[in-house]
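Engineer: Take this structure first; my questions come after.
The values are calculated or read from the model by the stated rules, or taken from the named source; none is laboratory data. Note that the structure is a prediction, hence the values are computed from the model and not measured. Using ideal geometry, Cβ is built from the backbone for each residue, glycine included, and neighbour counts are taken over all protein chains shown.
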Amino acid sequence: MADVQVPQERIVGPQTADDDVLRVEHVRKSFGPITAVRDINLHLRKGEVLGLLGDNGAGKSTLIKILCGFHRPDGGTMWLKGEPYAPKSVLDARQHGIDTVYQDLALVDQLTVYQNMFLFREKIRKPLPFLANHIMRRETRKALEATGINIPRIDVPVARLSGGQRQAIAVARTISGDADVILLDEPLAAMGAKEGALILDLIARLKAEGRVSIIMILHNYIHVFQACDRVSLIQDGVIAFDRPTAETSVEELNEIVVEEYRRARQAAMAEEAGVARAEDNGA
Amino acid sequence: MAVASGSTPPAEAEPKGPAKGWAQRAGALSLAQRFLTLREGSIIIVTLIAFLYFALSTNKFLTSSSLKALLPYFAPFAIMAAGQVFVMINAEIDLSIGAVYLFTPFIFYKLNANVGLPLVLAMIGALIVAMLVGLFNGLVVSVVGISSFVTTLGTLFTLSGLTLIISHATQVTTPGTSVVKVGTFAQIFGGGTYSELFWAIGIALVLQLVLTFTRWGIYTVAVGGNRLGAAEAGVRTKLVLTRNFVMCAGLAGFVGILEAVRAATTTPDPSGANVILFQAISAAVIGGTLLQGGSGTVIGAFIGAIFLGILQDGLNIKGVSANYFYFWLGIAILIAMAFNTYVSRVRTGSGHG
């Protein structure tokens with residue numbers, strides 16, 4: 001990531017609304033010398049679908065992993081449904097009602113479809129702590145039917161499935177829980193057009209139900225305008241743009257991104273010139 | 001084709017002799033393939049072949065004294081391999097189990113002879129010490145993040161040295177045993193003829209159930225198969241790893257006590273303990289456990305241990321030089337490795353061919 005500062009006037013400040021289900025203020029996170037998330041302000045209304053755009057390394061995945069309890073932020077505050085929110089773990093976040101579909105899907109190749117569906121939420125038969133496999137199989141079938149994606153056998157290791165099928169399992173696993181907020185990190189990566197459309201349909205259906213609020217990391221602008229109510233653009237660890245999709249356009253988003261490239265190039269050239277000057281002085 | 005006239009649909013509806021034969025053969029083939037792609041399928045066949053070979057080529061192999069002699073060759077490895085399987089499914093390895101096997105009976109001796117604890121309490125105390133070694137291994141691997149190979153190599157030498165220090169490199173009589181009479185404690189914990197066999201079967205069955213039907217087992221596979229993914233799903237990977245190291249060391253310590261009671265003497269022999277370490281790992285590997293993690297069964301390791309026992313006992317009876325044992329053991333491991341890699345590719349359907 002280049003050391004390009006986003007113009008100060010564009011950085012989105014904290015916003016509040018009464019019906020925010022999730023609010024994030026001044027959240028930051030570094031890994032050693034690398035600042036992944038510089039200063040994020042974000043809000044999510046109930047039933048809303050928010051699309052997150054941004055270049056590789058802009059901090060999107062780190063932000064998602066902070067929201068879902070996988071990473072702890074270095075600073076900043078978060079509120080969930082009006083309460084202060086500081087998840088200690090993924091499980092803690094899930095118990096608060098935030099669940100995630102990770103970019104790497106968090107599937108275990110060697111486990112079967114239904115074992116993956118219920119990974120870390122296994123059903124247990126009492127009194128001995130044995131797994132209630134028949135119940136998990138049945139509920140897996142139900143949940144997969146709801147996604148509309150055809151997975152003929154749920155007793156096979158997921159390594160045998162296609163990228164799209166694996167994605168569908170990861171998405172179905174998350175939405176079949178009782179989360180209020182669902183985070184999806186590139187849910188349409190590794191998907192064929194048809195499977196991608198099914199996932200978008202699914203998200204549209206969830207939106208229509210109005211029960212859950214969704215944050216999605218996307219790469220494709222078309223998908224953003226298809227599926228999202230609002231779009232935020234992360235640049236260099238801050239939110240540099242935030243607007244309802246109805247009030248913006250592919251062209252505007254494009255322009256911002258192109259501008260970023262231009263700035264990055266200028267910065268790189270200036271740096272090169274600086275290095276050259278330093279060398280001249282040294283000689 | 002000239003023969004097909006389009007007016008002979010009944011011929012298709014009822015397959016004739018050869019077609020039916022084909023279908024049956026295909027069915028038998030797929031059944032055979034399914035058996036072979038069972039993780040334990042190959043080792044079962046290899047073990048049966050070894051068994052039949054020794055049973056037919058010598059007339060002493062099938063006698064009860066021979067089969068009794070086989071027991072101590074396999075039961076200890078079966079138990080130690082059971083613990084190692086859990087660690088190996090985690091994509092880790094515990095090289096210290098030989099040293100724990102060596103060290104624990106001396107703690108048992110010290111707690112009984114020097115501290116004055118009764119036999120059972122001294123044994124429990126010694127097992128707790130063994131599990132503390134496992135806890136150390138597990139925490140260093142999972143929390144500090146040092147590779148298990150290096151960590152357990154360190155505990156291997158530390159414990160071997162410590163055993164020599166506290167024993168002054170001399171053997172002692174194992175508490176609870178006597179040359180004259182085998183008492184109740186000794187009967188149960190290694191001294192009885194079938195004691196180790198019962199322990200091995202019981203432990204293998206329980207741990208296979210744990211591996212297949214409990215969260216502990218599922219999480220063990222998950223942590224070995226995709227550590228980051230398991231963590232993202234919420235699995236406490238450090239706990240899972242540490243727990244398996246603790247169990248593995250505890251079982252190794254238990255086998256150490258069983259064997260010390262069986263032999264009635266506790267001998268500080270680090271090189272012998274390392275042979276036992278490698279045989280336990282061999283049993284797990286031959287039984288289909290992959291070193292890269294995510295896959296393996298306790299039952300497979302159990303059969304792998306039986307195979308080692310048959311090989312050792314059979315070669316003894318045939319009067320073949322002991323040197324052949326390692327030769328064939330090595331060949332068996334190489335074949336098992338090749339086969340297991342093939343089988344795991346077929347199972348996961350990831351590019352075989």
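Engineer: Just to be sure I understand the filter: pairs with C-beta atoms under 6 Å, separated by 6 or more residues or on different chains, first member in segment A:262-278 and under 22 Å from A:Q235 (Cβ atoms), second member part of a helix (DSSP H, G or I). Which pairs pass?
Structural biologist: Close Cβ pairs satisfying both conditions: none exist.
Engineer: Any idea which of (1) modelled with pLDDT of 90 or more; (2) away from every other protein chain (no Cβ under 13 Å); (3) not in a strand (DSSP E or B) is the one A:K65 doesn't satisfy?
Structural biologist: Here A:K65 meets the rest and fails (2).
Engineer: Out of everything in segment B:242-284 that is of a type in the set (S, T, Y) and in a helix (DSSP H, G or I), what residue ends up being nearest to B:Q171 (Cα to Cα)?
Structural biologist: My answer is B:S271.
Engineer: Looking for something in contact with a strand residue (DSSP E or B) (Cβ under 6 Å, 6 or more places away or on another chain) and either in a helix (DSSP H, G or I) or of a type outside the set (S, T, N, Q) (or both) - is there at least one such residue anywhere in segment B:92-103?
Structural biologist: no
Engineer: Tally time: how many residues in segment B:313-353 are outside any helix (DSSP H, G or I) and either closer than 17 Å to B:L70 by Cβ or at pLDDT below 75 (or both)?
Structural biologist: Total meeting the criteria: 8.
Engineer: Then there is this: Could you list, in sequence order, the residues of segment A:121-139 that are over 20 Å from A:Q165 (Cα atoms) and either outside the structural domain of A:I154 (by TED's automatic domain parsing) or of a type in the set (A, V, I, L, M, F, W, C) (or both)? Break it down stepwise before answering.
Structural biologist: Initial filter on segment A:121-139 (over 20 Å from A:Q165 (Cα atoms)): A:121-135.
A:I124, A:L128, A:F130, A:L131, A:A132, A:I135 - these are the residues of segment A:121-139 that are over 20 Å from A:Q165 (Cα atoms) and either outside the structural domain of A:I154 (by TED's automatic domain parsing) or of a type in the set (A, V, I, L, M, F, W, C) (or both).
Engineer: Specify which of the listed residues (B:V140, B:V206) is within 14 Å of chain A (Cβ to nearest Cβ), of a type outside the set (K, R) and under 26 Å from the mean Cα position of the chain (by Cα).
Structural biologist: None of the others qualify; the one that does is B:V206.
Engineer: Here is a further query. What number of residues within segment B:136-187 satisfy the criterion of being of a type in the set (V, I, T) and crowded, with 21+ Cβ neighbours inside 10 Å?
Structural biologist: 7
Engineer: Here's something else I'd like to know. Go through (1) modelled with pLDDT of 85 or more; (2) farther than 26 Å from A:G51 by Cα and name the single condition A:N150 misses.
Structural biologist: For A:N150, the failing item is (1).
Conditions tested, residue by residue: (1) surrounded by fewer than 14 Cβ atoms within 10 Å (Cβ to Cβ); (2) at the interface with another protein chain (Cβ under 7 Å from one of its Cβ atoms).
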{"position": "A:E83", "(1), (2)": "yes, no"}
{"position": "A:R94", "(1), (2)": "no, yes"}
{"position": "A:G97", "(1), (2)": "no, no"}
{"position": "A:T100", "(1), (2)": "no, no"}
{"position": "A:Q103", "(1), (2)": "no, no"}
{"position": "A:L107", "(1), (2)": "no, yes"}
{"position": "A:Y114", "(1), (2)": "no, no"}
{"position": "A:E122", "(1), (2)": "no, yes"}
{"position": "A:A132", "(1), (2)": "no, no"}
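Engineer: Please go through segment B:256-306 and give me each residue that is more than 27 Å from B:A50 (Cβ to Cβ), among the small types (G, A, S), more than 18 Å from the chain's Cα centre (by Cα) and at pLDDT below 95, ordered by number.
Structural biologist: Selection gives B:A264 alone.
Engineer: Another question, if that's okay. Do you know which of the residues in segment A:68-79 that are more than 22 Å from A:D18 (Cα to Cα) and either within 16 Å of the chain's Cα centre (by Cα) or of a type outside the set (D, E) (or both) is farthest from the other protein chains (Cβ to nearest Cβ)?
Structural biologist: Top of the filtered list is A:G75.
Engineer: Can you confirm whether segment B:216-228 contains a residue that is of a type outside the set (S, T, N, Q), surrounded by fewer than 24 Cβ atoms within 10 Å (Cβ to Cβ), without any contact (Cβ under 8 Å) to a residue 60 or more places away in the chain and closer than 23 Å to A:P127 by Cβ?
Structural biologist: yes
Engineer: Of everything in segment B:60-85, what is assigned to a helix (DSSP H, G or I) and farther than 21 Å from B:L258 by Cα? Give them in sequence order.
Structural biologist: Selection gives B:S64 alone.
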